[in-house]
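Here it is, the structure in full.
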Amino acid sequence: MLYVFLVDTGTMLTFDMNLAMESVSKLQTVISRACHISEDKQVLLISGGESLDPHARVGRYSAGTDTNPIYLFSKTTIEAATPPSPSVHHGSGKDLLTGQ
């Protein structure tokens, strides 16, 4: 599993590990479909604050594990007049990409 932590709601998202071999841009497309956050409104960071380059491979960053996830911020939420509500849903255990 590839782990992405949605900071705005405190939710851990999981995606197919094969995305680690794809570009960050491809990951952003998958996130957009699963979370309804458009690619241009996504900020992806790794621990230490390094921003992910859309043209680089996801696996280049050695992140995306359950203990070292990729951090996702939504610019839409950051720019909103009201703060986000934390998620009380603890996850379904399903992979968002495959539904399994």
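Which numbered condition in (1) in contact with a helix residue (DSSP H, G or I) (Cβ under 9 Å, 6 or more places away or on another chain); (2) exposed (fewer than 14 other Cβ atoms within 10 Å of the Cβ); (3) modelled with pLDDT of 95 or more is the only one that residue 65 fails?
(1)
Table: residues versus (1) surrounded by 14 or more Cβ atoms within 10 Å (Cβ to Cβ); (2) free of Cβ contacts under 8 Å to residues at least 40 places away in the same chain.
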position: 9; (1), (2): yes, no
position: 13; (1), (2): yes, no
position: 31; (1), (2): yes, no
position: 46; (1), (2): yes, yes
position: 51; (1), (2): no, yes
position: 70; (1), (2): yes, no
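Return only the number of the condition from (1) in contact with a Gly (Cβ under 8 Å, 6 or more places away or on another chain); (2) modelled with pLDDT under 95 that residue 79 does not satisfy.
So the condition that residue 79 fails would be (1).
Right, another one. Scan the range 59-77 and give yes if some residue there is touching a Lys or Arg at 6+ places or on another chain (Cβ under 6 Å) and among the basic types (Lys, Arg), otherwise no.
yes
The values are calculated or read from the model by the stated rules, or taken from the named source; none is laboratory data. Since we're looking at a predicted model, the values are computed, not measured. Cβ atoms come from the backbone with ideal geometry, glycine included; neighbour counts cover every protein chain shown.
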